[in-house]
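Input: a single structure, listed below in structure tokens.
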Amino acid sequence: MTRVFLLSPANCNGLRARWLLRTNSRSDLAQRLRGSQGVPLGEVFSFLSALYFRGKLTYAQTFAQPPDGCSGILIITPTAGLLPHDTLVRLSRLRGFSRVPIRLKNRLYCASLRSSARKLAREIGVDCEVVLLGSLASRKYLEILLPIFGSR
């Protein structure tokens, strides 16, 4: 059976995020986020959340078995729904993430997650297992994702 992981996001408003977003930040990661290429989203969120996100990402990298042509690890984002963990992001996108709260009352978050989840469901078909790693008891993910993937 194929398997895809959905990872709950890191906090884009926390202390580590503020370090990266500062205009005078000189860390390697902050400099790379300002560069033309960007940094993989999974790496950025691993820094923001430290061990918690890094553990989820490592687990997903070990056990993902995606169908052909599909990423096995997608990350929930505040503004872009589900993005593959290796999507390159720049500082402007991280700044955008930090401005949008992940709440069921936030239309942008809900619409983008719902839309990208429906697209993923069409791509993977019904025989693919979808695993959410993160705040499993949290309504802000489950209320959107269960109607789409719940029958698997």
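Residue pairs whose Cβ atoms lie under 8 Å apart, separated by 6 or more positions or on different chains, with the first residue in the stretch 105-122 and without any contact (Cβ under 8 Å) to a residue 24 or more places away in the chain and the second exposed (fewer than 14 other Cβ atoms within 10 Å of the Cβ), do not occur.
Once the stretch 114-142 is narrowed to residues that are out of contact with any strand residue (DSSP E or B) (no Cβ under 7 Å at 6 or more places or on another chain) and either of a type in the set (A, V, I, L, M, F, W, C) or farther than 27 Å from GLN61 by Cβ (or both), the residue that is least open to solvent (accessible area, probe 1.4 Å) is ALA121. Only one of the numbered conditions (1) in contact (Cβ under 8 Å) with a residue 24 or more places away in the chain; (2) in a loop (DSSP other than H, G, I, E, B); (3) open to solvent by less than 90 Å² (accessible area, probe 1.4 Å); (4) not basic (Lys, Arg) is violated by LEU145, and that is (2). Would a scan of the stretch 93-107 turn up a residue that is within 16 Å of SER8 (Cα to Cα), among the β-branched types (Val, Ile, Thr), modelled with pLDDT of 95 or more and open to solvent by 20 Å² or more (accessible area, probe 1.4 Å)? The answer is no; no qualifying residue exists. As an exercise: evaluate GLY69 against (1) over 19 Å from GLY38 (Cα atoms); (2) modelled with pLDDT of 95 or more and give the number of the one condition it does not meet. For GLY69, the exception is condition (2).
Working carefully through the options ARG34, ARG16, ARG26, ARG22, find the one that is out of contact with any helix residue (DSSP H, G or I) (no Cβ under 8 Å at 6 or more places or on another chain) and either more than 18 Å from LEU133 (Cβ to Cβ) or surrounded by 18 or more Cβ atoms within 10 Å (Cβ to Cβ) (or both). Give the derivation first.
On the way: ARG34 fails: out of contact with any helix residue (DSSP H, G or I) (no Cβ under 8 Å at 6 or more places or on another chain); ARG16 fails: out of contact with any helix residue (DSSP H, G or I) (no Cβ under 8 Å at 6 or more places or on another chain); ARG22 fails: out of contact with any helix residue (DSSP H, G or I) (no Cβ under 8 Å at 6 or more places or on another chain).
Criteria check complete, one pass: ARG26.
Checked against (1) among the small types (Gly, Ala, Ser); (2) at pLDDT 90 or above; (3) farther than 25 Å from ARG122 by Cβ, ALA80 passes all but condition (3). Residue count for the stretch 47-62 under the criterion of being open to solvent by 30 Å² or more (accessible area, probe 1.4 Å), aromatic (Phe, Trp, Tyr) and within 14 Å of the chain's Cα centre (by Cα): the result is 2. Only one of the listed residues (VAL39, VAL44, VAL4) is in contact with a strand residue (DSSP E or B) (Cβ under 7 Å, 6 or more places away or on another chain), in contact (Cβ under 8 Å) with a residue 60 or more places away in the chain, open to solvent by less than 90 Å² (accessible area, probe 1.4 Å) and of a type in the set (A, V, I, L, M). That residue is VAL4.
Residue check: ALA111 meets all listed conditions (1) in a helix (DSSP H, G or I); (2) of a type in the set (A, V, I, L, M); (3) open to solvent by less than 50 Å² (accessible area, probe 1.4 Å) but one, namely (3).
The values are calculated or read from the model by the stated rules, or taken from the named source; none is laboratory data. These numbers come from a predicted model, not from an experiment. Heads up, the Cβs are rebuilt from the backbone with ideal geometry, glycines too, and the neighbour counts pull from every protein chain shown. Ligands, DNA and RNA are excluded from the accessible area calculation, which covers all protein heavy atoms including side chains. Shrake-Rupley method; radii C 1.70, N 1.55, O 1.52, S 1.80 Å.
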